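The values are calculated or read from the model by the stated rules, or taken from the named source; none is laboratory data. Keep in mind that this is a model prediction, so the values were computed, not measured. Using ideal geometry, Cβ is built from the backbone for each residue, glycine included, and neighbour counts are taken over all protein chains shown. With ligands, DNA and RNA removed, areas are computed over all heavy atoms of the protein, side chains included. Shrake-Rupley method; radii C 1.70, N 1.55, O 1.52, S 1.80 Å.
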Amino acid sequence: MLLFKETKFIKSPFKSEAELENVIVQNYEYLFGPSSLYLPKAKIRTADGGGTIPDGFAIDISQRKWYLVEAELVHHSVWNHIAPQVTKQILASQQTVTRRIIIDLAVDQYRSDLATKEKFEELGIAEINVRQIIGDILETDPIIGVPIDGITNDLRDWAKTLKYNVKLWLVNKFVEFNNPD
């Protein structure tokens, strides 16, 4: 339970994975950093053409790192759902065409979103250099970002086996006691 002045909040399950994804999109700067961009879902492919759609891509411009984001609910099986899905996404993220897709998404967002443009300006990055900076960041290995509503031992142990850095964020939902709406 959380208490804030006279108000009490109790833990409540997410209604769907989409609800959790929306929380991530609305709060991405708290997870990925204040100088980060959050790019929407896009279909990417492995070398043999296997398609996959991560829940998003985050790029922290100031720290020069990027995230492949896969929001999950704890009741999804690590072995039958999360591990195969993330593995496919990792393989697809290594492809040159995937990097181009992400660069194009970032440049499009830079051009259409004033807040994104301001982040680059605050770091002294001129418009002419945006594509190059994003490309340089994407040359590094992604961090696998998994916001999830519960972390099991199997999930934690599986994450340790990857050669990539995996960040597991525990994200909980709370609703006002006696007022679930």
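Only helical DSSP H runs with n ≥ 4 go in: add -39500 (n - 2.57) per run for the chain, normalise by residue count and round the 222 nm mean residue ellipticity to 500 deg cm²/dmol.
Here the helix-only value at 222 nm equals -11500 deg cm²/dmol.
Report in % the part of the accessible area of the range 77-149 that belongs to carbon and sulfur, leaving out ligands and nucleic acids; probe 1.4 Å.
Here it works out to 50 percent.
Assign one of three labels to the chain, namely rounded, prolate or oblate, based on the Cα gyration tensor with a ≥ b ≥ c the square roots of its eigenvalues; rounded applies when a/c is under 1.5, prolate when it is not and a/b is larger than b/c, and oblate otherwise.
Oblate, because a/c is 1.5 or more while a/b does not exceed b/c.
Between ASP48 and THR7, what is the label-point separation in nm under the 7 Å Cα-to-beta-carbon projection?
Using points 7 Å along Cα→Cβ, the separation is 5.2 nm.
Please work out the average accessible area per residue across the range 1-103, using the 1.4 Å probe convention, and give it in Å².
Using a 1.4 Å probe on heavy atoms only, each residue of the range 1-103 averages 53 Å².
Taking amide hydrogens as modeled 1.01 Å from N in the peptide plane, which residues meet the under 5 Å criterion relative to ILE143, leaving out close sequence neighbours?
TRP66, TYR67, LEU68
In the chain, which helices (entire DSSP H runs) extend 18 Å or more along their own long axis, judged by Cα positions, while averaging at least -0.5 on the Kyte-Doolittle scale?
Membrane-span-like by this rule: 96-112.
Find the accessible area per residue for the range 109-181; the probe is 1.4 Å, ligands and nucleic acids are left out, and the unit is Å².
60
Under a point-charge model restricted to the Cβ atoms of Lys and Arg (+1) and Asp and Glu (-1), what is the dipole moment magnitude of the range 47-168 relative to its Cα centre, in debye to the nearest 20?
The calculation lands at about 280 debye.
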